[in-house]
1. For the stretch 738-745, indicate whether the set of residues that are within 25 Å of TYR647 (Cα to Cα) and not small (Gly, Ala, Ser) is non-empty.
2. Among the listed residues SER558, SER524, which satisfies the condition of being small (Gly, Ala, Ser), more than 23 Å from LEU678 (Cα to Cα) and not in a helix (DSSP H, G or I)?
3. Mind counting the residues in the stretch 376-394 that are hydroxyl-bearing (Ser, Thr, Tyr), over 59 Å from the mean Cα position of the chain (by Cα) and within 14 Å of LYS586 (Cβ to Cβ)?
4. State all residues of the stretch 423-447 that are modelled with pLDDT of 70 or more and over 18 Å from GLU458 (Cα atoms); if no residue qualifies, say none.
5. Just need a number here: residues in the stretch 759-780 that are in contact with a helix residue (DSSP H, G or I) (Cβ under 6 Å, 6 or more places away or on another chain) and part of a helix (DSSP H, G or I).
6. Could you tell me which numbered condition PHE506 fails, if it satisfies all but one of (1) at pLDDT below 90; (2) on the phi > 0 side of the Ramachandran plot?
7. In the stretch 627-644, which residues are open to solvent by 20 Å² or more (accessible area, probe 1.4 Å), assigned to a helix (DSSP H, G or I) and of a type outside the set (Ser, Thr, Tyr)?
8. Have a look at LYS759, LYS748, LYS764, LYS718 and point out the one that is open to solvent by less than 60 Å² (accessible area, probe 1.4 Å) and either among the charged types (D, E, K, R) or free of Cβ contacts under 8 Å to residues at least 24 places away in the same chain (or both).
Amino acid sequence: MFKKPNRNLRVRKAASSEEDEDEDRGRVERPKRTGGRGLTCGSRKRRETAAADSDEQQSEGDEDPGCADPDPSSRTAGPRSALSFSTEKEGEDASFQIRKPTVNAVLFKVQKKKPDNAEETSKPQEKGLDSSSESDQNEHRSVDVTEKEGYSSSSSPASPPSHHSSSADEIPDAKQIRAARTRRKLARAHGDYISLDVSHEQSESSQSESDDELDDHEKRIKFAPGLKTIKEQMADEMSPSSETDNDDEELDAVQNKWEEQQIRKAIKRPQTIESVSLREHSPLHVKKYVEPKFSTSLVTVEDIRKRLTARIASIEEVHRAHVLASEQYSRDLENAKNTLQKLETSSGEKSYKFFKEMKIFVENFVDCLNNKIEEIYQLESEMSQILEGRSRTLLKRRQNDLQLESSILQKLAGTENVNDEETKSRLQELELRRKRRRQKPEECGQKAHREGMSSDEELPVDQESEYKQNREDVLLLCKPIFEDVHENFCQIKNILSKFHEWRERFPETYYDAYISLCIPKLLSPLVRKQLIDWNPLQDTIQLKQMAWYDDLDDFCFSEHDNENHMENNPDHKVLSAVIEKTVLPKVSGLVENVWDPLSSAQTRRLVYFCKTHVLGDEKSKPVQGLVGSLVSRLNKAIEDDVFIPLYPKRLLEDRNSPQSKFQERQFWSAVKLLGNVLLWDGFLQEDLLLELSLDKLLNRYLLLVLLNAEPNCELVNKCSKIVEHLPQSWFKGLCSDVTLPRLANFSKHLVNCVHALHKLNDRKGMENLVSLLVKIKAQNLAEDVIAQYGIKRGT
């Protein structure tokens, strides 16, 4: 912040000023010369400043009569010549010479314009030029008044000479110069003029004295007046020559103008901390209100409430996450402590000993199985051949008997006689076997037995005894297989106890070793050895009653399992894996080579086994292999074993004729096969069962016999038996009153039978047929018949 100059500066004691002048004069030194002939920039500036001071002094001299020059000849009317003054000490004679400057000594240069920057302007005033010294400043204060007057006159050559000026030929001598200096001191003593800047004054004095010391050829001639600085302009305005010298208001205006100019120059500089603080504290600086360029929406209480609610919700969510993480860390810490405790209590020596023993046990067990497995597979193959041989014998005999009886009946229908003794004996044998099969149901209390519903599985005595002997021989060979083996390597219970101990003591290593996947393969030879005599088609021991099944069940679902709280324990699937990989391949072989689909007993036992134990993945190879064997065997039975001949009505009207009996037996045999096929409902796919039972059996064979039969009570019984075998699950999903498309022809035949029985006035038979239509969901046909004949619903 710039301060106003003190107005009392004009009033100064003469004694102090004289003392200052004497001190300054005593410290005058010769200025240093530059390397060239011309003066430096600093010397030129000081010379210009001295000229300005001379002008001011001239104006003072005009106003103050005490400061008038006593020698008018010291003034020159024309332009000032380049003179070389040499200052001498008081009391010595001063002499001077006029020298013409050489051409090379004159430098035609126009003074450069001083920079407007306040910092550059104030720098030479505050610190001084590099080429000037403190002695220059002192010499500047003692510059001669006459010299300044000469400069002032030379600065304006076109103006008319004042009344103080003398002729152009008169040159002031040293005495005149000293007299001018004395007058100047007296003027300062009276307080008529005080320089604004002492340093500037000193620089002018030193510059003038340095110019006096230089020769004419070393001085520079000014061809253009120098530009005045702001302080010089203010000094001109504040000089005593002004008419408003004592006007305080004008002085304040000038000072304010000077301060304003300084502020403008400071603003042009880079915004530093000092300039910013100066601008903030300046009285002329007025801050303007700048309207913000952006607009903000009003914040309501509802907005604040929503933000607080969202903030609280986020904090609560983070808190919940931290609580869950803390709980998890607590559980992990507890588990780590338990594990550490177990590790501390367990001895490394004991664990090493256990794993070493387990390794030796597994190696010995695998070596034992490798030695015995070939013998087990051989005995299993021999038993399978025995069963397959018996099944092939029964199947071949049944087909031969069917062909023989059909050919004989065909000959009898053509009025041909059969006189072959061998043929007669075979017919008698067939009749004896049928008689024995009829006696068995009667002994069991079954009265509704029909010919063809029982299976012919009876072998001759010699063949039956041979079959039993071969079976016993194989079982005898099975016993000594593991007689030379320790019980720890042949008993499934003992083997599982080893793995159970491993699971209890070191569960991590047990599950990391995937023992649950290895056990089924390790136990497969031992299980197959116990299954050599097992046949699910016969009335033998069930799978659940075997020892190995119980041992595996105890191992998979032990009492400690609940304490471990292990979900999806892989050991739970060990039993099902053993059945899938060991038992199912054996069952698939029996189905393909031994099973008789016409045997209801074998089919029921096989269906029970499959629905009870085959619970694994349907996409696994053992399960798919079993399903494929079942479907192929059923198709083969339908193609090879179903045969229903058609005879003339005259032969069928006699119920006791051989042709009628043969047709009845074959019809009921096909009905039995239909029932055996439909027993697989719930295990085989529904579309597959519909194709086998309805398309290939009912519509191709059975319906053809029903269409050619006479409408009577026997026909109603046959239709009722067929509907009885149909699963009710097929009709639960039907939303309309129309039955299954595959049963459309059978439904129409039932309606025709109702019309035929109405002609025979068989009311009971009609009601039974209507009830069959209701069971197969043929509601539209049943409603028509009920409305036509007035039959009660539900009878």
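The values are calculated or read from the model by the stated rules, or taken from the named source; none is laboratory data. Given the structure is predicted, the values throughout are model-derived calculations rather than measurements. Heads up, the Cβs are rebuilt from the backbone with ideal geometry, glycines too, and the neighbour counts pull from every protein chain shown. When the accessible area is computed, the model is the full protein with side chains, heavy atoms only, and any ligands, DNA or RNA have been set aside. Shrake-Rupley method; radii C 1.70, N 1.55, O 1.52, S 1.80 Å.
1. For the stretch 738-745, residues within 25 Å of TYR647 (Cα to Cα) and not small (Gly, Ala, Ser): present.
2. Answer to the check: SER558.
3. 0
4. Result: THR423, LYS424.
5. Final tally of qualifying residues: 9.
6. If we test PHE506 against (1) at pLDDT below 90; (2) on the phi > 0 side of the Ramachandran plot, just (2) comes out false.
7. The first filter runs over the stretch 627-644 and keeps only residues open to solvent by 20 Å² or more (accessible area, probe 1.4 Å), leaving 627-628, 631-633, 635-636, 639-640, 643-644.
Adding the requirement that they be assigned to a helix (DSSP H, G or I) leaves 627-628, 631-633, 635-636, 639-640.
Once the filter is applied, which keeps residues that are open to solvent by 20 Å² or more (accessible area, probe 1.4 Å), assigned to a helix (DSSP H, G or I) and of a type outside the set (Ser, Thr, Tyr), the stretch 627-644 yields VAL627, GLY628, VAL631, ARG633, ASN635, LYS636, GLU639, ASP640.
8. Numbers: LYS759 fails: open to solvent by less than 60 Å² (accessible area, probe 1.4 Å); LYS748 fails: open to solvent by less than 60 Å² (accessible area, probe 1.4 Å); LYS764 fails: open to solvent by less than 60 Å² (accessible area, probe 1.4 Å).
One residue alone meets the criteria, LYS718.
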